[in-house]
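Peer 1: Would you mind keeping the following structure in view while I ask a few things?
The values are calculated or read from the model by the stated rules, or taken from the named source; none is laboratory data. Just so we're clear, the structure is a prediction, and the values are computed from it rather than from any experiment. Positions of Cβ are backbone-derived with ideal geometry, glycine not excepted, and every protein chain shown enters the neighbour counts. Accessible surface is based on the protein model in full, side chains and every heavy atom, while ligands, DNA and RNA are left aside. Shrake-Rupley method; radii C 1.70, N 1.55, O 1.52, S 1.80 Å.
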Amino acid sequence: MSSYPRLLLEVFIRKNFGERYFSFSKAILLSIILVIVPLLLSGGLFFFSRNSHLVTGTFLMFYVTWYIFVAAFLYFSIIRWKEVKRNPSVFDFEKFSLYTGDIDPRFYNFKIKGVTPTPRTVETIYEPAIFLIAGIVCFLFAQPIGLLLISCSILYHFSYKGAYRLGDEFVMDKMDEMILNEEMFDSFVEGKDSSETRGVRFYGRRPADENVRTKIVSSFTEEQIEAVEVH
């Protein structure tokens, strides 16, 4: 859902996208849609108004910035498309095909209390903030493009925030797997409390014989260990 809103903004602030990440056909489709939408929204005015020249003037007053944005988007999309064509082939293992592009290094110059921002901060806050501010300014001047920029910047923020959250979850899954592997013996065989096993607790009946429990725990597969709940 967020790929199109991100595409609308990323072409302006990033470069050297991965071959499968940037789609020029999507950019063309978006450009066509953006050209048509104002015409559809204003279609009733064109067909039912007797003062077509006034309607045309009103239309241009509201949508001139919209079409300037579309033209700029298409222009930068062509530049990004040429960059992708010049990049090394992904079939030669030279580049990650889903690379999200180079972050503008100038973002890292914007330091708060002397702290250099991380890529996470740039992608979830700084980048969308630029378009959010621009959108608010356009909206205050009654330009419909403002609503588009505001909407895309919000989706941009939550998209990257979700991506980083998935990354966090992936790392935590691996760390939990390591803890389960290390603590399973103490939890299952020796029956230690979860306070002594870093939160690992085995849910289920355990054989009374410790030798049997030892044999069982040694046969656990990683998939079976992952099924143990963590307290």
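Peer 1: Mind checking which of 138, 187, 149 is farthest towards the positive end of region 111-204's charge dipole, using Cβ charges of +1 (Lys, Arg) and -1 (Asp, Glu) about the Cα centre?
Peer 2: It is 138.
Peer 1: Still on this structure, I have one more. As a check on your grasp of the helix formula, calculate [θ] at 222 nm for the chain: sum -39500 (n - 2.57) over DSSP H runs of n ≥ 4, divide by the residue count, round to the nearest 500. Numbers along the way, then the final one.
Peer 2: Details: 8 runs with 139 residues, N = 231.
For the chain, the value works out to -20500 deg cm²/dmol.
Peer 1: Continuing with the same structure: With the cut-off at 28 Å, tell me which of the pairs 95/161; 26/95; 15/161; 113/161; 85/174 have Cα atoms farther apart than that. The partial results should precede the final answer.
Peer 2: Values: 95/161 24 Å; 26/95 21 Å; 15/161 21 Å; 113/161 23 Å; 85/174 37 Å.
Long pairs (Cα-Cα over 28 Å): 85/174.
Peer 1: Measure nothing fancy, just the Cα-based angle from helix 127-140's long axis to the longest principal axis of the chain, in degrees from 0 to 90, nearest 10.
Peer 2: Long axis of 127-140 versus the principal axis of the chain: about 40 degrees.
Peer 1: For region 158-219, which whole-number percentage of the solvent-accessible area (1.4 Å probe, protein heavy atoms only) is attributable to carbon and sulfur atoms?
Peer 2: Working: 2320 of 4250 Å².
Of all accessible area on region 158-219, carbon and sulfur atoms account for 55 percent.
Peer 1: Using only the heavy atoms of the protein chains and a 1.4 Å probe, how would 124, 58 rank by accessible area, largest first?
Peer 2: Values: 124 15, 58 60 Å².
The most accessible residue leads, giving 58, 124.
Peer 1: What is the percent of Cα-Cα separations in region 70-155 that go past 16 Å? Each step should come with its number before you reach the end.
Peer 2: On the way: 2470 of 3655 pairs.
Within region 70-155, distances greater than 16 Å cover 68 percent of Cα pairs.
Peer 1: To the nearest 0.05, what FRET efficiency results for residue 58 and residue 154 with a Förster distance of 41 Å applied to their C-beta separation?
Peer 2: Computed FRET efficiency for residue 58 and residue 154 comes out at 0.90.
Peer 1: Let me ask something else about it. Over the C-alpha atoms of the chain, what are the Rg and the largest Cα-to-Cα span, Dmax, in Å?
Peer 2: 27.1, 94
Peer 1: Still on this structure: With only Lys, Arg, Asp and Glu charged, each at its Cβ (+1 for the first two, -1 for the last two), find how big the charge dipole of the chain is about the Cα centre; round to the nearest 20 debye.
Peer 2: Details: 25 positive and 26 negative charges, 315 e Å.
For the chain, the charge dipole is close to 1520 debye.
Peer 1: Here's a follow-up. For the chain, find the longest principal axis of its Cα atoms and tell me its angle to the long axis of helix 52-86, 0 to 90°, nearest 10.
Peer 2: Compared with the principal axis, the helix lies near 50 degrees.
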